[in-house]
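These notes concern the structure reproduced below.
The values are calculated or read from the model by the stated rules, or taken from the named source; none is laboratory data. All values reported here derive from a predicted model rather than from experimental measurement. Virtual Cβ from ideal backbone geometry, glycine too; neighbours counted across all protein chains shown.
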Amino acid sequence: MATLFRESNVIKFYRLWVSTASSNFGDGLLRVLLPLLALAWGASGFEVSVVVASSYLPWLFGSLLIGVFVDRLNRSTIIRAANAIRVLATFALLAVTVADLASIPLLVALALVYGVAEVAADLSSQSAVSQVVENEQLESAYGRISVSQVVANTLVGPAVAGLLFGRTQAAVIGLICACYVVAGLSVPATPDSDQDTPKPWAPRQIWRELRIGVSAVTSHSWLRRAALSVGVMNFASGANAALLVTYAVSPGPLRLTTGEYGLLLAALGIGSMTGSAVAARVTRLLGESHAVAVGVGGLLTTIAAPGLSDNVWVIALLMTAGSAVGTLFGVKVISMRQRSVSNELLGRVNSAFQFVGIGSAPLGATFGGLLASMVGIRPVFLLLSAVAALTVLLLRPWRREPVSVAA
């Protein structure tokens with residue numbers, strides 16, 4: 001362990017690891033709870049898509065500004081504040097559920113609050129890793145964190161939420177609250193901003209710093225192409241996430257119970273957990289470029305899976321295999337990006353990258369819902385995965401030239 005982390009920061013890394021895992025467990029529970037609540041409250045397929053899109057919308061409208069704060073303020077403080085907001089939002093959701101005040105607009109509003117807190121916590125956590133891990137070991141560190149994120153967010157979280165939802169919604173909400181409490185309490189103290197002198201908080205200065213982060217991504221070919229590639233695939237993934245619950249849960253075509261739906265989503269977690277565990281070794285075997293290219297193929301398979309078969313076992317198998325291979329893309333792109341950017345600019349570059357990469361998800365969720373209302377759900381899975389495949393082939397994110405970005 002001493003070869004991986006700075007000796008004085010071993011405990012800090014473990015605490016950050018626990019905080020990230022707990023936060024992602026809560027996110028995984030919430031990812032299943034919100035659309036299931038919408039369905040239980042009588043939402044249409046399009047309204048479910050809007051609820052799902054709302055949780056991603058802050059990545060589109062807030063990530064760039066939040067990235068500036070991540071570089072200016074103490075990152076552990078931001079993580080604690082974000083989790084405190086999540087706890088308050090969860091209490092509000094519990095009160096609404098217990099009082100039986102079913103309201104889709106209220107669910108959308110809470111999804112937006114959760115989304116803002118998620119942006120702040122995720123950008124801060126991702127940027128904080130480089131403060132406790134040696135630069136040459138970032139890939140191994142992100143691989144370890146990725147395993148815990150995958151297990152919590154896409155394996156255990158969805159399965160537990162689906163199984164508990166059919167029995168008691170309040171238990172799921174209470175568990176989500178506990179996750180965010182643990183995430184806030186376990187986060188370690190991190191160094192303050194690397195800025196030598198405090199910078200003014202004038203809007204013009206904030207806007208200038210925001211533009212520096214955006215320019216750092218747009219002015220470098222690989223960062224730009226990688227961000228656009230992630231954005232295109234998350235556009236398709238956003239549609240997939242919004243439509244899958246309506247397609248899978250009874251009275252949808254697959255006619256699954258909420259518990260079975262949670263287990264279907266857990267197939268993604270099983271694959272991603274396996275892929276994360278071996279990502280570093282597979283990358284050494286294939287090389288960076290080939291690992292990224294193979295990972296793209298895996299992600300596209302996962303997106304297309306519900307459209308390739310109406311057999312739930314085949315869909316689960318394709319999702320498991322696709323997510324296992326697709327993890328190569330995520331781990332490699334993150335580690336390559338983090339190695340290329342100086343710490344004082346990391347929050348803004350990450351936010352600009354995620355603005356494109358994750359900000360496209362709510363657009364995909366909304367577009368997918370509209371398109372499905374016209375042509376049906378299953379063709380949308382195939383159409384968007386095909387468009388994503390053609391676009392990524394043109395962008396070629398696996399072709400990387402040397403990049404070094406500093407403020």
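In summary, residue 117 fulfils each of the numbered conditions (1) surrounded by fewer than 22 Cβ atoms within 10 Å (Cβ to Cβ); (2) within 20 Å of residue 15 (Cα to Cα); (3) at pLDDT 75 or above; (4) of a type in the set (A, V, I, L, M) with the single exception of condition (1).
Do we find a residue being modelled with pLDDT of 90 or more, of a type in the set (Val, Ile, Thr) and surrounded by 18 or more Cβ atoms within 10 Å (Cβ to Cβ) anywhere in region 122-141? Spell out the reasoning first.
If we filter region 122-141 for residues that are modelled with pLDDT of 90 or more, which is where we start, we get none.
No; the residues of region 122-141 include none that is modelled with pLDDT of 90 or more, of a type in the set (Val, Ile, Thr) and surrounded by 18 or more Cβ atoms within 10 Å (Cβ to Cβ).
Which count do you get for residues in region 341-388 that are of a type in the set (Gly, Ala, Ser), surrounded by fewer than 21 Cβ atoms within 10 Å (Cβ to Cβ) and under 30 Å from residue 44 (Cβ atoms)?
Of all residues in region 341-388, those of a type in the set (Gly, Ala, Ser) come to 342, 347, 351-352, 357, 359-361, 364-365, 368-369, 372-373, 376, 385-386, 388.
Checking which are surrounded by fewer than 21 Cβ atoms within 10 Å (Cβ to Cβ) leaves us with 342, 373, 376, 386.
Those left that are additionally under 30 Å from residue 44 (Cβ atoms): 373, 376, 386.
Number satisfying all stated conditions: 3.
Every test in (1) of a type outside the set (S, T, N, Q); (2) at pLDDT 85 or above; (3) at negative phi is passed by residue 69 save one, and that test is (2). Please go through region 143-191 and give me each residue that is of a type in the set (A, V, I, L, M, F, W, C), within 17 Å of residue 93 (Cα to Cα) and touching a helix residue (DSSP H, G or I) at 6+ places or on another chain (Cβ under 7 Å), ordered by number. Across region 143-191, the qualifying residues are 161, 164, 165, 170, 171, 172, 173, 175, 176, 177, 179, 181.
Here is a list: 390, 370, 382. Which entry is assigned to a helix (DSSP H, G or I), free of Cβ contacts under 8 Å to residues at least 24 places away in the same chain and not β-branched (Val, Ile, Thr)? Explain how you work it out, then say what you get.
Values: 370 fails: free of Cβ contacts under 8 Å to residues at least 24 places away in the same chain; 382 fails: free of Cβ contacts under 8 Å to residues at least 24 places away in the same chain.
Criteria check complete, one pass: 390.
Candidates in region 319-333 are the residues that are surrounded by 22 or more Cβ atoms within 10 Å (Cβ to Cβ) and of a type in the set (A, V, I, L, M); of these, the one that is nearest to residue 242 (Cα to Cα) is 319. Quick check on my filter: what residues within region 294-353 are under 27 Å from residue 130 (Cβ atoms) and not in a helix (DSSP H, G or I)? 341, 342 - these are the residues of region 294-353 that are under 27 Å from residue 130 (Cβ atoms) and not in a helix (DSSP H, G or I).
Looking across region 232-265, the residues that are surrounded by fewer than 24 Cβ atoms within 10 Å (Cβ to Cβ) and small (Gly, Ala, Ser) come down to 241, 248, 250, 252, 259.
Taken over region 149-177, the residue count meeting the criterion of being out of contact with any Leu (no Cβ under 9 Å at 6 or more places or on another chain) and without any contact (Cβ under 8 Å) to a residue 12 or more places away in the chain is 2.
Residues 99, 81, 2: which one is of a type in the set (A, V, I, L, M), over 23 Å from residue 251 (Cα atoms) and modelled with pLDDT of 90 or more?
Values: 99 fails: modelled with pLDDT of 90 or more; 2 fails: modelled with pLDDT of 90 or more.
The conditions single out 81.
Give the residues of region 148-174 that are more than 19 Å from the chain's Cα centre (by Cα) and of a type in the set (Ser, Thr, Tyr), sorted by residue number. Scanning region 148-174 gives a single hit, 168. With the condition kept exactly as written, say whether any residue in region 188-206 is buried (at least 18 other Cβ atoms within 10 Å of the Cβ), at pLDDT 70 or above, closer than 30 Å to residue 41 by Cβ and within 24 Å of the chain's Cα centre (by Cα). Looking through region 188-206, none of the residues is buried (at least 18 other Cβ atoms within 10 Å of the Cβ), at pLDDT 70 or above, closer than 30 Å to residue 41 by Cβ and within 24 Å of the chain's Cα centre (by Cα).
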